[in-house]
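Report on one structure; see the data block that follows.
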Amino acid sequence: MGNPWDYDFSAIGRTAPLLIVHGGDSDPAVKSQGGGFLGRGNSDVYKLLGENAVFDQVNLSKAFQNNHPRPDVARFERVLNLVTDPDQHKRTLETLEKMLRKYRGQVINRPAAVLRTSRDQVAKRLAGIAGLHVPKVIRLRSGKADAAVQAVERAGFAFPGILRIAGTHTGNIVGIVAGLDELRAGLIDAGDHVLTEFVDFRSADGLYRKYRFFVFGPRAVFRHMIVGDNWNVHARDRVRFMVELPHLLEEEARLFEREKGAFPARVHAVVEAVRQRLGLDFFGVDFGISQSGEVVLFEANATMNFFPFMPDPRFAYIERCLEPAQRAFRQLLGQP
């Protein structure tokens, strides 16, 4: 199987069951080890297809489209949309939606649905799910300080809040702001910002646990639990914090006893409710669990990466999620 960022234009002439779409509003500038290009705001779930998968692909980035024709989507049974970030690639998603206007086959993650998954829209859609605490999210347009402060005041926002530039992920934030003055000082970019209510999700032992599920069609697969001593928990905390604490590794390993995670029924009920409301065919959801047992939403979108796995053999148990994820993804695509 080729890498969708190592674009093979010679394949466009043939008919295949599946067309993979990737690309974005800005030209890809980061080269991959294979000589192709990496596209931020594109999903990596294509890696679950396996080496013998048959597909064609099209890159909608301007750098590719200027010199290469688009394939006729009508020749394909299914279209898999890997353009997954509505903030980074709004124009590309709108272009793809136009391409698919008369298409009658299956579209996995329709661009119109992806466009409705910015942090603020997701917070509104998932509000009210029983057992789920959805922090308040406010989108601050164009980084204009006076307008931003007025919007936050009107919303009755309760500080502290997490401030980030719209479209950023992997723990990349401007910072925690304690009030309106810090908010004003933190608007560092001309683009949109997102302000999210900070919710303390520390466990009883004082540590912070972040859980991730991936959803493929009707099936949810547990991906990982990462533990840190700081609220902004991310993959780096495995090496920085978790690796020398065997009881945390054992705790995570126990969660893999079931492919959808060995969690209480109330947690699975929340994930199922998120699946029904979000309107995506595949996506990831990150959350914490408060000391009262309430699920605390961090984010839910299709931009989360499924790979890579940790090379450290002490984390080898995480790869238990690979086979069920492959089965669920292939089932979504109608493949054996």
Residue in the range 83-97 that is assigned to a strand (DSSP E or B), closer than 30 Å to Asp56 by Cα and not assigned by TED's automatic domain parsing to the domain that holds Leu278 present
yes
Residue in the range 208-220 that is hydroxyl-bearing (Ser, Thr, Tyr), surrounded by 19 or more Cβ atoms within 10 Å (Cβ to Cβ) and in contact with a Lys or Arg (Cβ under 7 Å, 6 or more places away or on another chain) present:
yes
If we ask which residues in the range 298-336 are more than 18 Å from the chain's Cα centre (by Cα) and aromatic (Phe, Trp, Tyr), their number turns out to be 2
Go through the range 315-334 and give me each residue that's exposed (fewer than 15 other Cβ atoms within 10 Å of the Cβ) and among the polar types (S, T, N, Q).
Gln331
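Let's see how each residue does on (1) without any contact (Cβ under 8 Å) to a residue 24 or more places away in the chain; (2) within 13 Å of Ile138 (Cβ to Cβ); (3) in contact with a Pro (Cβ under 7 Å, 6 or more places away or on another chain):
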residue	(1), (2), (3)
Gln150	yes, yes, no
Glu182	yes, no, no
Gly191	no, no, no
Asp200	no, no, no
Which condition from (1) under 20 Å from the mean Cα position of the chain (by Cα); (2) assigned to a loop (DSSP other than H, G, I, E, B); (3) not hydrophobic (A, V, I, L, M, F, W, C) is the one that Lys210 breaks?
(2)
For the range 223-238, pairs from a residue that is more than 20 Å from Arg258 (Cα to Cα) and part of a helix (DSSP H, G or I) to a residue that is among the aliphatic types (A, V, I, L, M) and at pLDDT 95 or above, with Cβ under 6 Å and 6 or more apart or across chains, are Asp237/Ile226
Could you tell me whether any residue of the range 92-100 is within 23 Å of Lys210 (Cβ to Cβ) and crowded, with 21+ Cβ neighbours inside 10 Å?
no
Restricting the range 65-79 to residues that are at pLDDT 90 or above and assigned to a helix (DSSP H, G or I), which is surrounded by the fewest Cβ atoms within 10 Å (Cβ to Cβ)?
Ala74
Count, please, the residues in the range 252-299 that happen to be β-branched (Val, Ile, Thr) and not in a helix (DSSP H, G or I).
4
Filtered residues of the range 253-300 (kept if touching a Ser or Thr at 6+ places or on another chain (Cβ under 9 Å) and farther than 25 Å from Phe198 by Cβ):
Gly279, Leu280, Phe282
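The values are calculated or read from the model by the stated rules, or taken from the named source; none is laboratory data. Only a predicted model underlies this, so the values are computations on that prediction, with no experimental measurement involved. Quick reminder, even Gly has a Cβ in these numbers, built from the backbone with ideal geometry, and neighbours come from all protein chains shown.
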